[in-house]
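I have placed the structure first, in the form of structure tokens, so that the comments after it can refer back to it.
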Amino acid sequence: MDRNIVYPSAIPLDTDLLSVNKNAMIGLGFLAQAVLGTSPVVDGLACQPTTPASMSVLIGPGSITQFGPVDNLPYGSIPSDTVDSLVKMGINIGSTTFLLAAPSSVGQSINYLIEAAFLEVDADPIILPYYNAGNPAQSYSGPSNTGIPQNTVRTQRVQLELKAGIPANTNSQTTPAADAGWIGLHQITVSYGQTTVTAANISPLITAPFLNWKLPSLKPGFGSGVQTFVTSGTFVVPAGVTQVEVEVWGGGSGSFASTNVLPSGGGSGGGYARKLVTRLSPGQTVPVTVGSGGAGGTTSGTSAGSGGASSFGQFVSATGGGLNSQASVTTPGYGATPPGIGVGGDVNFSGSAGQGGISNQGGMGGAAPMGGTQNSGSTGNTGSFPGGGAAGAGTGPSSNAAFNGGAGGGGFVVVRW
């Protein structure tokens, strides 16, 4: 940021003071641009009913940042600068009141819009005393002793306006669009016969660029938060977060029961995907599905089941482990295939197939990526978490007994920010 230099005994110039203010504005403007960007941002300016309630609303203190020229008009003796641009901030330290009116026709309602814009004007005119160089004992009132008042401050404020829509039958009325150069902030709905405005009548526009988080709540990068899901649920994007890294595993498939002469094959593992999900909004909800492990087959004739798919909204998913099309409750010896795959990730991996039954031993269960395989026993063992296929069931030491199969390992979803 530029700084003025002055010297002892030098005659002070008006531009010495003006440049200090201008340089400070430029420095703060580029700092605001580095933090907030060049799109308009609104902080505060909350719309609330009056106390006691009336047909008026209060717009509280707040600010608006807007990208524009350094100076559209000369700043004292400093020429205008409409070539260079920066972020400027308009600030209102007090509240603004607006009076609303209800429609005059029964059954009608009207929507009002509160809109805002950055406003820069020269104000506070004063007749300033001047030094008379020709006669130092005499002072001038105004420039050249004209007595003309001159503006003494260049203000930067938030200009607010109430814009009325067109009354219409209730629930068919529309909110007027913001005027060119203005930003819509709040919608206020008033119905026929209404005598007070309550908080239920006021709602911020979803397009309003309100600053919804402050620096202490901002969590940049990754490693500041993690949430895991072993069952389906919902992920709510934290304050200050616009991107997350997601890992998903599909569920593993179950294994068939063995017969008294045939061991069963192992289930296949679920798929895996990893993705950086961007352009999220704080407070946004994303549905999370966690695929369950496939059911294990039983000696009473119940078939084994495929693993379920896992997903993070529509952004990324991983399918569950499948079953061998040739395997059945009477021919359970085939290893399960195909395994699950990752879909839509920046990285997509498939699980591994299940091993076929051998001799009197059930086949080994396939693994999901970064998971483990599962060794068999007499009864089929549950697949390893996350997403592992179940191990097949054996036929016992005498090779003449049937045992139930195992369930596949459940899926898994991890979200980091």
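The values are calculated or read from the model by the stated rules, or taken from the named source; none is laboratory data. Worth saying up front: this structure is predicted, and the values here are computed from it rather than measured. Glycine gets a Cβ as well: all are built from the backbone with ideal geometry, and neighbour counts include every protein chain shown. Ligands, DNA and RNA are stripped out before the accessible areas are found, and what is left, the full protein with its side chains, is counted by its heavy atoms. Shrake-Rupley method; radii C 1.70, N 1.55, O 1.52, S 1.80 Å.
Taking the conditions (1) at pLDDT 95 or above; (2) open to solvent by less than 50 Å² (accessible area, probe 1.4 Å); (3) farther than 24 Å from Asn201 by Cβ in turn, Pro103 satisfies each one other than (3). Inspection of region 338-357 identifies no residue that is hydrophobic (A, V, I, L, M, F, W, C), open to solvent by less than 20 Å² (accessible area, probe 1.4 Å) and touching a residue at least 12 places away in the same chain (Cβ under 8 Å). Based on what the data block shows, is Val87 over 30 Å from Met55 (Cβ atoms) and crowded, with 19+ Cβ neighbours inside 10 Å? Yes.
Of the residues that make up region 230-240, is at least one in a loop (DSSP other than H, G, I, E, B), modelled with pLDDT under 95, on the phi > 0 side of the Ramachandran plot and touching a helix residue (DSSP H, G or I) at 6+ places or on another chain (Cβ under 7 Å)? Yes, region 230-240 contains a residue that is in a loop (DSSP other than H, G, I, E, B), modelled with pLDDT under 95, on the phi > 0 side of the Ramachandran plot and touching a helix residue (DSSP H, G or I) at 6+ places or on another chain (Cβ under 7 Å).
Out of Tyr130, Tyr140, I need the residue that is free of Cβ contacts under 8 Å to residues at least 24 places away in the same chain and either open to solvent by less than 40 Å² (accessible area, probe 1.4 Å) or touching a helix residue (DSSP H, G or I) at 6+ places or on another chain (Cβ under 9 Å) (or both). Which one? Criteria check complete, one pass: Tyr130. In region 284-301, the qualifying residues are those that are closer than 29 Å to Ser258 by Cβ and of a type in the set (Val, Ile, Thr), and the one that is most open to solvent (accessible area, probe 1.4 Å) is Thr299. Here region 63-80 is the region considered, the condition is being of a type outside the set (S, T, N, Q) and in contact with a Leu (Cβ under 9 Å, 6 or more places away or on another chain), and the residue that is most open to solvent (accessible area, probe 1.4 Å) is Phe67. Checking Ala367, Ala273, Ala304 one by one, the residue that is open to solvent by less than 60 Å² (accessible area, probe 1.4 Å) and not in a loop (DSSP other than H, G, I, E, B) is Ala273 and no other. Of everything in region 109-127 that's in contact (Cβ under 8 Å) with a residue 40 or more places away in the chain and aliphatic (A, V, I, L, M), which residue is farthest from Pro149 (Cα to Cα)? For region 109-127, the residue satisfying everything is Ile110.
Yes/no per residue for (1) open to solvent by less than 20 Å² (accessible area, probe 1.4 Å); (2) among the β-branched types (Val, Ile, Thr); (3) within 22 Å of Gly362 (Cβ to Cβ):
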residue	(1), (2), (3)
Gln243	no, no, no
Leu262	no, no, yes
Pro282	no, no, no
Gly313	yes, no, no
Thr319	no, yes, no
Ser325	no, no, yes
Pro332	yes, no, yes
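Every listed requirement among (1) surrounded by 15 or more Cβ atoms within 10 Å (Cβ to Cβ); (2) at pLDDT 95 or above is met by Gly60 save one, (1).
The set of residues in region 291-334 being farther than 16 Å from Gly351 by Cα and hydrophobic (A, V, I, L, M, F, W, C) consists of Ala295, Ala304, Phe312, Phe315, Val316, Ala327, Val329. The residues on offer are Ile188, Ile183, Ile166, Ile148, and the sole one that is open to solvent by 60 Å² or more (accessible area, probe 1.4 Å), within 29 Å of Ile206 (Cα to Cα) and modelled with pLDDT of 95 or more is Ile166.
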